[in-house]
1. Scan (1) open to solvent by 10 Å² or more (accessible area, probe 1.4 Å); (2) in a loop (DSSP other than H, G, I, E, B); (3) away from the ligand (no atom under 16 Å from the Cβ) for the single condition ASP302 breaks and write down its number.
2. Looking at ILE270, ILE283, which is the one that is in contact with a Ser or Thr (Cβ under 9 Å, 6 or more places away or on another chain) and either more than 26 Å from SER30 (Cβ to Cβ) or modelled with pLDDT of 95 or more (or both)?
3. From the list HIS272, HIS286, HIS309, which one is part of a helix (DSSP H, G or I) and within 21 Å of ASP177 (Cβ to Cβ)?
4. Among the listed residues GLY304, GLY294, identify the single one that is closer than 18 Å to THR414 by Cα and not polar (S, T, N, Q).
5. Quick one: what pairs do we get from segment 492-519, first residue without any contact (Cβ under 8 Å) to a residue 60 or more places away in the chain and at positive phi, second near the ligand (Cβ under 9 Å from one of its atoms) and of a type in the set (Phe, Trp, Tyr), C-beta under 8 Å, 6+ apart or different chains?
6. Going by what's in this entry, would VAL313 be described as under 30 Å from PHE438 (Cα atoms), within 16 Å of the ligand (Cβ to nearest atom) and open to solvent by 10 Å² or more (accessible area, probe 1.4 Å)?
7. Could you go through segment 548-557 and let me know if any residue there is open to solvent by 60 Å² or more (accessible area, probe 1.4 Å) and either within 30 Å of the chain's Cα centre (by Cα) or of a type in the set (Phe, Trp, Tyr) (or both).
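The values are calculated or read from the model by the stated rules, or taken from the named source; none is laboratory data. Keep in mind the model is a prediction, meaning the values are calculated, not measured. All Cβ positions, even for glycine, are placed from backbone atoms using ideal geometry, and neighbour counts span all protein chains on display. SASA here: full protein model, heavy atoms, side chains in, ligands and nucleic acids out. Shrake-Rupley method; radii C 1.70, N 1.55, O 1.52, S 1.80 Å.
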Amino acid sequence: MSDTIHPISAEFLRQTHLTEPQYRQLYERSIKDPQNFWSEQAQKFVTWFKPWDEVCSGDLEKLNTGWFKNAKLNAAYNCLDRHLEKRAKQTAIIWEGDDPKETRHITYAELHSEVSRFANVLKKQHIKKGDRVCIYLPMIPEAVVAMLACARIGAIHSVVFGGFSADSLKARINDADCQLVITANEGLRGGKTIPLKQNVDEALMDCRQVRSVIVVKRTANEVSWTEGRDAWYQDLMAQAESQCPPEMIDAEDPLFVLYTSGSTGQPKGILHSTGGYLVYAAITHHYIFDYHDGEIFWCTADVGWITGHTYAVYGPLLNGATTLIFEGVPHYPDFSRYWNVIDKYKVNIFYTAPTAIRALRREGNDWVTRTQRESLKLLGTVGEPISADVWEWYYTVVGNSRCPIVDTWWQTETGGILLSPLPGATPLKPGSAAWPFFGVVAAIVDDKGNEVADNQMGKLIIRQPWPGMLQTVYKNRERFVAAYFAEFPGKYLTGDDARRDNEGYFWITGRNDDVIKIAGHRIGTGEVESAILQHPSVSEAAVVEVPDAIKGHSIYAFVTPKSGIKPTDALKNELIKKVRTHIGAVATIGYVQWADALPKTRSGKIMRRLLRKIANNDLNELGDVSTLADPDVVDNLINNRLPIEE
Ligand code: 7RM
């Protein structure tokens, strides 16, 4: 392989936690002796009320794995209380509002008392350990307060991204059987308001079990009100006590559920434990971001996604960091926003997604170079593959060729980063997520599950449990087994294709199932199809992904109208709207190709593989079409293919 390698500068090496030999030694140990390795790390990164009987128990064959059996701890205590002696006056959260004039600094002492107060509010609303609480909030400090308040009393939070529609919200509230919803009257992004409370009202028409809605007043605008059910956050907080002892939580009690798209059916509620997840969040944040005391850490992800959970909230707060919470978007008020925020607060570590980097690169270097960015020491990326040229731009223009980039590969299910360079220890190859983190045994296998040779493409699997691994799919053990452990029993199936080069670097190419990443957001093609099929004029629909220069991927839909229905632009717009209202703005269709018929096997299965090739104009090898019921269908689709704007 002739990949560019960026060696690590001597300046950077002097201050990092680990060198390459140290990484290799620790990695070996973490694999050969996980019990002792994780026992030491768990004591270093987390404070326990009661120690464990066993560090890791069970195995992936029997799917009975567990971490820190019978140990007791509390997530909020670990994020807050234990820091107070040293950090009471240190800023825990820097909040930058959508409007650059709006900003807040919240110390550890203040966050601790806010969280305790809100925990008391939840208790007053009869929320107790094990109950599910839905959080549907913008990126405001109250989102962090709500998450930690749940954790303090042992309630399971289910954060739903504010960009999801009322329908999506309803499905998530019902699946997790949430009893309480925390929202805001409105959200604010890029100068526009988002009708969060209105979406909640709509969702709750079909959620009988929800008894109360707590509403943060974020804007001055009025919203409709249901007496007896709705209450203002600010009012409840004013009456609440600021003392609330943390609940003793079992290491294997769930901390949260977070919904994510899979290849079939409705989104899955990914359930994460308390002990294993927290240890993994803290240790990955410490080593991968090379976090040192006093540094300002900024992860741009919304708390509605796993990246926001682990690296905007839990990881940084566990390590006593200052975490920056940003309400807005990268292009408002202008394209310098990210870099201005970095200068304003002297951000040291900046973690974002390739889609944002591509969008900002397109606008030209001036937006970046007119800012200083001298505080930066490390850059990170997550969510989708980053191409070498985008990586180089991020490295040279944003980081002034001075800051290592950590390309971090992981998933909602993995709880934290599994593959990444370690700054200072890993020579960087642009576009590669580099090496496995401690305790992670990753492999590339063929369709039969046999390991392939170096540089061969295959499926990425994980062979051993790690502390951040999901516990199950909420109330659906069968789906948990089917999605991750059925194809290769005893191994965790990631759903990604990748290769490993002869220096052990992993190169991820993307999903090999029906999940697509659009602007870093994870969407199931099945969800989009079922939304389209709800339209009364539609007979059949199949959705595939096509490349998009900024968003990474875009949705390409093949749609067959019902007989007698004319395929018009008006109908196309209705379908686009249908998907947006059913799922949310994250699932905006890019292309609709009308199809007289869809290619099917003789048993009636839509051949998505073929449609993917047609949409991508990849017509040289259409593969085996011998099973096709009607071969003419394919020619027809090829002739009416829409041009893709790349
Ligand atoms: C953290 C997150 C997971 C999927 C995953 C991959 C893709 C994530 C990278 C990446 C290439 C990366 N969770 N993915 N990180 N692909 N390089 N560094 O994104 O559950 O929303 O999505 O994202 O396909 O399976 S997620």
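1. The number of the failed condition is (3).
2. Working: ILE283 fails: in contact with a Ser or Thr (Cβ under 9 Å, 6 or more places away or on another chain).
Answer to the check: ILE270.
3. Numbers: HIS272 fails: part of a helix (DSSP H, G or I); HIS286 fails: within 21 Å of ASP177 (Cβ to Cβ).
Exactly one residue qualifies, and that residue is HIS309.
4. Numbers: GLY294 fails: closer than 18 Å to THR414 by Cα.
Answer to the selection: GLY304.
5. none
6. Values: under 30 Å from PHE438 (Cα atoms): yes; within 16 Å of the ligand (Cβ to nearest atom): yes; open to solvent by 10 Å² or more (accessible area, probe 1.4 Å): no.
Here the answer is no, as VAL313 does not meet what is asked.
7. Checked segment 548-557: at least one residue is open to solvent by 60 Å² or more (accessible area, probe 1.4 Å) and either within 30 Å of the chain's Cα centre (by Cα) or of a type in the set (Phe, Trp, Tyr) (or both).
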